[in-house]
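Report on one structure; see the data block that follows.
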Amino acid sequence: MKTKVQLRNVSKKYTLYRTNAEKLKTMFTPKKLKDQRDFYALKNVSLDIFEGETIGVVGINGSGKSTISNILASVIPPTTGEMNIHGETSLIAINVGLNNNLSGYDNIELKCLMHGFSKKGITELIPKIAAFADIGDFIDQPVKSYSSGMKSRLGFAISAHTNPDILIVDEALSVGDRTFYQKCRDKIDEFKAQNKTIIFISHSIGEIKNISDRVLWLHNGEVRSFGEKTAVVKEYEDYIKWFNQLSKEEKDTHKQQLREERAIFEDAPAVAQHKKNKSSLVFWGQLGVCLTAFLVASYFLVVPSLMAALGENNDQDTKQNKDVETSQLENGSRR
């Protein structure tokens, strides 16, 4: 079987800042701040997805499902690890990939251009996409005026007609009505018949069971289980059942434990006071250098323009004075 997606120890790390000032300070100093926290949205994810497979992805909120879909679609890069994608991907997710300030029509044209379609091809596709989305006159209105269901309709319609090799569906069917849901299911079945690779992310266990060939369970940013769908779904359902039996206090404690496992607290070691002061001096020195460079650049950019403008004004004044003198001489001659 041909491998379409291969991940090896892929991680996505975010740094958590308490204030904007703290974030700004890290731009000018190479050292980490005291109590700076790093948060792993994904940690050491390794998997292989083969051509023609439909992979269901399950996990509680915050488990890393949307992060992995965005990485696979190249919306965001991984922090570490190796990723090999063989084919063109298309992500369908609520509020992802659509320009809110453009109309639905313009979004269709823009997305098709990004996928390499010719003007003629786009002209042929637009009526088909508009008919599939079935949002009526809203196709000519800005996307920011759409409901979440309308955005999902348009996003799915565009992705379904741009013929991707790998289709990534991230909760996009959860906001549509039953009629549109069935239309999307039929399109997914059509893709499956064409041996396309589909990654389907959903909280609906029923959908996961019906659509998927294998299931990936992400838990706390890591792969908890990946394999035959019946076995993985049972593991996940057992965990959900266990969690729901906990008291409110036990649930809160469990959630806090999960957060602490993903957040890395890297406190700076205790150092002498003069070293702290030195670090502070380095920071302000770097800031001063940047400000000085900005002022110097501004001087060389702005001053020549001002001098040129003043020169033009002086030339105009000189010309006006000459005109006045000439006029006075002519008047004197007439007298």
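The values are calculated or read from the model by the stated rules, or taken from the named source; none is laboratory data. All values derive from a computational prediction rather than experimental measurement. Note that we place each Cβ from the backbone using ideal geometry, even for glycine, and neighbour counts take in every protein chain shown.
Only one entry of K120, K111, K128, K144 meets the criterion of being of a type in the set (K, R) and under 16 Å from the mean Cα position of the chain (by Cα), and that entry is K111. Across segment 245-271, the qualifying residues are those that are at pLDDT 50 or above and aliphatic (A, V, I, L, M), and the one among them that is farthest from K43 (Cα to Cα) is L246. Based on this model, can you work out whether G155 counts as within 27 Å of L218 (Cα to Cα), in a helix (DSSP H, G or I) and at pLDDT 85 or above? Criteria met by G155. The helices (runs of 4 or more DSSP H) located wholly in segment 58-136 that include 2 or more residues which are outside the structural domain of K13 (by TED's automatic domain parsing) and without any contact (Cβ under 8 Å) to a residue 60 or more places away in the chain occupy 104-114, 119-133.
Every residue, every condition in (1) in the same structural domain as E51 (by TED's automatic domain parsing); (2) under 22 Å from S103 (Cβ atoms); (3) touching a strand residue (DSSP E or B) at 6+ places or on another chain (Cβ under 8 Å), yes or no:
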residue	(1), (2), (3)
L154	no, yes, no
A157	no, yes, no
E171	yes, no, yes
I188	no, no, yes
I199	yes, no, yes
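Just one of the listed residues (V169, V175) is touching a helix residue (DSSP H, G or I) at 6+ places or on another chain (Cβ under 8 Å), under 29 Å from I49 (Cα atoms) and modelled with pLDDT of 85 or more, namely V169.
For residues in segment 50-77 being under 22 Å from Y14 (Cα atoms) and of a type in the set (S, T, N, Q), which is surrounded by the fewest Cβ atoms within 10 Å (Cβ to Cβ)? For segment 50-77, the residue satisfying everything is N61.
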